[in-house]
1. State, as an integer percentage, the relative contact order of segment 152-261 based on alpha-carbon contacts under 8 Å between residues 6 or more apart.
2. Which of LEU169, LEU254, PHE221 sits farthest toward the positive end of the charge dipole of segment 158-261, with +1 on the Cβ of Lys and Arg and -1 on the Cβ of Asp and Glu?
3. Multiply the residue gap between HIS28 and LYS140 by 0.36 nm, knock off their C-alpha separation, and tell me the result in nm, one decimal place.
4. For the chain, set up a Gaussian network in which alpha carbons nearer than 10 Å are linked by springs, and say which option among SER80, SER171, SER45 fluctuates the most.
5. Roughly how tilted is helix 187-204, in degrees to the nearest 10 and between 0 and 90, from the longest Cα axis of the chain?
6. Net charge around ILE84, counting only other residues with Cβ within less than 10 Å of its Cβ (Lys, Arg = +1; Asp, Glu = -1)?
7. What's the whole-number percent of alpha carbon pairs in the chain lying beyond 28 angstrom?
8. Based on DSSP H runs of at least 4 residues, each adding -39500 (n - 2.57), what is the mean residue ellipticity at 222 nm of the chain after dividing by all its residues, to the nearest 500 deg cm²/dmol?
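Readers should treat all values here as calculations from the given coordinates under stated rules, not as data from a laboratory. Every value quoted in this text rests on a predicted model; they were computed, and no experiment measured them. Here the Cβ positions follow ideal geometry from the backbone for every residue, glycine too, while neighbour counts run over all protein chains shown.
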Amino acid sequence: MGKLLEIKNLSIQFRHGQTIVKAVEGVHLDIYENEILALAGESGSGKSVTALSITRILPETADIISGQVFFQGQDLLKVSKAQIEAIRGRDISYIFQEAAASLNPVLTVGRQIQESILLHQNISKKEALNAAVDLLRLVKLPDPEHILSSYAHQLSGGMNQRVMIAMALSSRPKLLIADEPTTALDVTIEAEVIRMLLELKAKMKFSILFITHNLALVEKFTQRAAIMFRGRIVEQADSKKIFSSPGHPHTEDLIRSIIRL
């Protein structure tokens, strides 16, 4: 199993007027082909900032102080703007917590998926629309033709999240970054979305960087886990080992916070 992504000594800070806030310090992280890696920790620990830095979509107030982000041997922090824009969405895709907020409220779902497909594939609009229907079937949405003509506000939270997953997978990416993708969903829908992601990963052979504050999800379906605390990765190991013998006090605190039925 080859290494897909390698983050080395990544440090990021934010500027707030005259104040400098360190958000990420000396992060090292590896993701291998066809694996699920959890990046777990409390809110504000630096998980999302780390993920956004991979394809350089940090806010203007953020500065990358040091580090390298190698994707298939290429340092993404050094490639041109055109190169990173080609990689972003094609080889590396994101899904976020609030799907409805990520979707354009004035465009139909079908139009948005179609545009996502056309951005990375040299096909006709009709072919892209047919591909959009296939993607909605892939994420197990009922009556995809009807959903194509719908707007985000007309769909449930779980349906919008499936639409976002369809858009993220439209380019057949090698890495899917899922940033708290189920936090806004109830536990039943959460389980369905996670089960679907696992099935899609097995079918399409992509890797997942799964960002979460919920260690119960880490225990259930990830292979390896990295625990973040105050901008640093304090522990990184197989998920089973993390739970059987945690090596850092913060990891122990997170595990104790899991509500087990």
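1. RCO, segment 152-261: 20 percent.
2. The one lying farthest along the dipole's positive direction is LEU169.
3. Gain in length upon complete extension: 36.7 nm.
4. Between SER80, SER171, SER45, it is SER80 that shows the largest mean-square fluctuation.
5. Once rounded, the angle reads 80 degrees.
6. +3
7. Result: 36 percent of Cα pairs exceed 28 Å.
8. Helices in the chain give a 222 nm mean residue ellipticity of -11000 deg cm²/dmol.
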